[in-house]
Amino acid sequence: MHCIGDFSQDDLAILARYACTPYVVPAVEPVIAENLAHFYLSQVLDRIAASGAPPPDQVLIIDNMRGGFARDPFLAKTIGLSVFWEGPTRIGESPYNRDRVAFFGPITPAVLEQPVISSMILRGPLPVLREFQRRMLSELVGRADLLRIDKVVQGAVNKLCYAGALGFPLTMFPNAAEVHFDFLDTPLAVDARHGVRIGGTVPGVILGGKPDSAVMRKLRIDLSLGSE
């Protein structure tokens, strides 16, 4: 596991305990943290590719720390890029997301009808992720002002995924099929009696806005984790 952040000595000790590789970067304003995270993530992907070690079959990147693993997220693999819908909301139903996609060109009526793809998490073979990250960041070349907009990278992700010209397969997963976004309203039933099941399935990753939500507390108990 490769971790990027502004780590304290206690943080570094925890990463060492779990054999994680840390990359220390300066702290940034929260409003631009998720945008800049993708620049650093791309650099780490390049380092892994240039390390000379055999490349991993699959890579999972997450642009924040608000997550937990309910099961092995690599049980489902794809030969291309895996992306994850945040929920049933369509781009045209979300002014927040519609505005972010519009920064990267005109939006067709067909795109407005598509579910919102999250920029928080992506999965796929290393070469595919590197290529997608390169294309995503190229959308921001000469437009550094956009980085001041919270999660503007999500607009670039949705623009690229729905443009239909990636050149590699794209697999889109409904919310909770592989990744559950715990910070949005959802009609999915949550059952925590025997582990965590959401909509009848056990997602590989749960991402939430608050680490003390009921789902995240249950997950920490199941995994015998503390409050770290």
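Quick notes on this one:
- Boolean, GLN133 is outside any loop (DSSP other than H, G, I, E, B) and either of a type in the set (A, V, I, L, M) or under 20 Å from PRO55 (Cβ atoms) (or both): yes
- Only one of GLY87, GLY68 that is over 26 Å from LEU112 (Cβ atoms) and touching a strand residue (DSSP E or B) at 6+ places or on another chain (Cβ under 8 Å): GLY68
- Count of residues meeting criterion [surrounded by 15 or more Cβ atoms within 10 Å (Cβ to Cβ) and either part of a loop (DSSP other than H, G, I, E, B) or out of contact with any helix residue (DSSP H, G or I) (no Cβ under 9 Å at 6 or more places or on another chain) (or both)] in the stretch 1-11: 2
Residue by residue, here is whether (1) outside any strand (DSSP E or B); (2) crowded, with 18+ Cβ neighbours inside 10 Å; (3) at pLDDT below 90 holds:
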| residue | (1), (2), (3) |
| --- | --- |
| ILE32 | yes, no, yes |
| ARG47 | yes, no, no |
| ALA53 | yes, no, yes |
| LEU60 | no, yes, no |
| PHE74 | yes, no, yes |
| ILE79 | yes, no, yes |
| VAL83 | no, yes, no |
| ARG98 | yes, yes, no |
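- All positions within the stretch 116-130 that are outside any helix (DSSP H, G or I) and of a type in the set (Lys, Arg): ARG123
- In the stretch 119-131, residue nearest to PHE39 (Cα to Cα) [restricted to those that are surrounded by fewer than 23 Cβ atoms within 10 Å (Cβ to Cβ) and of a type outside the set (A, V, I, L, M)]: ARG130
- TYR23 passes every criterion in (1) in contact with a helix residue (DSSP H, G or I) (Cβ under 8 Å, 6 or more places away or on another chain); (2) in contact (Cβ under 8 Å) with a residue 24 or more places away in the chain apart from (2).
- Consider the stretch 125-142 and keep the residues that are of a type in the set (D, E, K, R) and in contact (Cβ under 8 Å) with a residue 40 or more places away in the chain. The one that is nearest to ARG98 (Cα to Cα) is ARG134.
- Checking the stated criteria, SER119 turns out not to satisfy the condition of being of a type in the set (Ser, Thr, Tyr), in contact with a strand residue (DSSP E or B) (Cβ under 6 Å, 6 or more places away or on another chain) and at pLDDT 90 or above.
- When LEU41, LEU15 are checked against the criterion of being aliphatic (A, V, I, L, M) and more than 16 Å from VAL128 (Cα to Cα), LEU15 stands alone in meeting it.
The values are calculated or read from the model by the stated rules, or taken from the named source; none is laboratory data. All figures in this text were calculated on a predicted structure; none of them were measured in a lab. When we count neighbours, we look across all protein chains shown, and the Cβ atoms used for this are built from the backbone with ideal geometry, even at glycine.
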